[in-house]
Amino acid sequence: MIPSLKKYIESLNLSTIPAERQAVLQPLADYIKAKTDAQQPINLTFICTHNSRRSHLGQVWAQVAAAYFGVQGIHCFSGGTETTACNPRTIAAFERAGLKVTKTTESDNPVYEISFDDLSQPIIAFSKVYDQAPNPSSAFAAIMTCDHAEANCPYIPGAEKRLPIMYIDPKVSDDTPEETATYDARCRQIATEMKWVFDKVDQVRR
């Protein structure tokens, strides 16, 4: 794992997650543990309206946390109810956290490769609808990261589990002096919570 990223992950303090938030996260850990026990692949699709910020943060940090703890068979995706673009502020937050990001296309909806080590395939990030390839169309957990998508998508075709794990949109601070701090805080929150989830999964295997 990239040394700066490993240092970032190790700095994430799981004790900062309050009990009520742990109760929100526990069903995701239980889902992963159940699929692991059944020796089944685990597909996690993080969903928000625009697939621009929170869903990408969830996708990337879940995949990184799985790699950090050595949990095998984890495939993380993200999608929206409509297509926009992965916001460059999200990408900048990833880079500040220690991830290596390469933009591979130039368009209104660019494709990014996000790497956490030199041995694994990079995470591919771009905005897409939640059921658009390469996302799975069946046998996945739909993790709803925003209240708008949760309210407006009462049914996610193909999802075998629906888990509301919602976050405040860092967009609230766009183009303000607080922008960088807000994105870094949301990035760190989601990274910490995904570390908590996979720490719980790893505890069962120890």
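The share of accessible area on region 1-150 that comes from carbon and sulfur is 50 percent, using a 1.4 angstrom probe.
Please compute the Kirkwood hydrodynamic radius over region 1-55, one decimal place, Å, based on all pairs of different Cα atoms. Provide the component values of the computation, followed by the final result.
Working: mean 1/r = 0.0709 Å⁻¹.
That comes to 14.1 Å for region 1-55.
Accessible surface for region 32-100, divided over its residues, is 33 Å² per residue with a 1.4 Å probe. Beta bridges per DSSP, both residues in the chain: antiparallel share near 30 percent. For the peptides 166-175, 2-11, the ranking by mean Cβ contacts within 10 Å, running from highest to lowest, is 166-175, 2-11. Inter-label distance, Thr104 to Arg21: 3.3 nm, where each label sits 7 Å from its Cα along the C-beta direction. What the Cα atoms of region 99-197 give is an Rg and a Dmax of 15.5, 42 Å. Per residue, the chain reaches -13500 deg cm²/dmol at 222 nm when only DSSP H runs of four or more residues are counted, each adding -39500 (n - 2.57). When the inverse distances between all different Cα atoms of region 51-166 are averaged and flipped, the Kirkwood radius reads 14.6 angstrom. Descending by average beta-carbon neighbour count within 10 Å, the peptides 108-114, 19-25 line up as 108-114, 19-25, the highest first. When the Cα atoms of the chain are aligned to their principal axes, the ranges along those axes come out at 44, 38, 35 Å in descending order.
Placing unit charges on C-beta atoms (Lys and Arg positive, Asp and Glu negative, everything else neutral), compute the dipole magnitude of the chain about its Cα centre in debye, rounded to 20.
Numbers: 21 positive and 24 negative charges, 113 e Å.
Magnitude of the dipole: close to 540 debye.
The values are calculated or read from the model by the stated rules, or taken from the named source; none is laboratory data. This structure is a prediction, so every number in the text was calculated from the model and none was measured. Glycine gets a Cβ as well: all are built from the backbone with ideal geometry, and neighbour counts include every protein chain shown. These accessible areas exclude ligands, DNA and RNA; they are computed on the full protein's heavy atoms, side chains included. Shrake-Rupley method; radii C 1.70, N 1.55, O 1.52, S 1.80 Å.
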